[in-house]
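The values are calculated or read from the model by the stated rules, or taken from the named source; none is laboratory data. Being a predicted model, the structure only gives us computed values, none of them experimental. No Cβ is skipped: glycine too gets one built from the backbone with ideal geometry, and neighbour counts run over all protein chains shown. Quick note on the areas: whole protein, heavy atoms, side chains included, nothing else; ligands and nucleic acids left out. Shrake-Rupley method; radii C 1.70, N 1.55, O 1.52, S 1.80 Å.
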Amino acid sequence: MEIISIVGIGIVSTILAVLLRQSDRSEFALLVSLTTGIIIISMILDKLKYVVETLSQLIKNTNMEFAYFSIILKIIGIAYIVEFGAQISKDAGEEAIASKIELGGKVVMMVLSMPIILALMDLIIKILP
């Protein structure tokens, strides 16, 4: 099972990062964290591809507008990227920068979601008498 590998890599990297932070080489702890994140993301990319392809096929079968599905996938991707960036900043001790990354991600996600929100509002207006 791949999850055991992912968790194992995470635990080993965490221990290594903690040991590096306690030593004279604390600057390498951030590199360990960043490298670990990249390794884990590369391990799950094929699984993520499968999920996107399956959902895409489902959308095609339901005759739903693909543009909305595309927007939702972009928002999910942004959420993961923002979380990854914010966690790296937090690992480096930069809480303020992490907060700004999260704020930027929320604004971008809100902007991307506007077509869906407008379509929902239009549908609600059409349903109401």
Residue-wise HN-Hα coupling along the stretch 123-129, computed from phi with Karplus coefficients 6.51, -1.76, 1.60 (Hz; x: Gly, Pro): 5, 4, 5, 5, 6, 5, x
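Which shape class applies to the stretch 39-101: rounded if a/c is under 1.5, otherwise prolate when a/b exceeds b/c and oblate if not, where a ≥ b ≥ c are the square roots of the Cα gyration tensor eigenvalues?
Since a/c reaches 1.5 but b/c is at least a/b, the shape of the stretch 39-101 is classed as oblate.
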Dipole of the chain, positive end: most advanced residue of PHE28, LEU120, THR14 [Cβ charges, Cα centre]: LEU120
Lysine pairs in the chain with Cα atoms under 26 Å, if 8 or more residues apart or on separate chains: 13
1.4 Å probe accessible area per residue over the stretch 1-88, in Å²: 72
Value in Å of the Kirkwood radius, where the chain supplies the Cα pairs that are averaged: 17.6
Anisotropy class of the stretch 1-70 from Cα gyration tensor, a/c 1.5 cut: prolate
Residue-wise HN-Hα coupling along the stretch 31-41, computed from phi with Karplus coefficients 6.51, -1.76, 1.60 (Hz; x: Gly, Pro): 5, 4, 4, 5, 4, 4, x, 5, 4, 5, 4
Percent carbon-and-sulfur accessible area, the chain, ignoring ligands, DNA and RNA, probe 1.4 Å: 73
Global geometry of the stretch 63-129, whether rounded, prolate or oblate, following the gyration tensor of its Cα atoms and the 1.5 cut on a/c: prolate
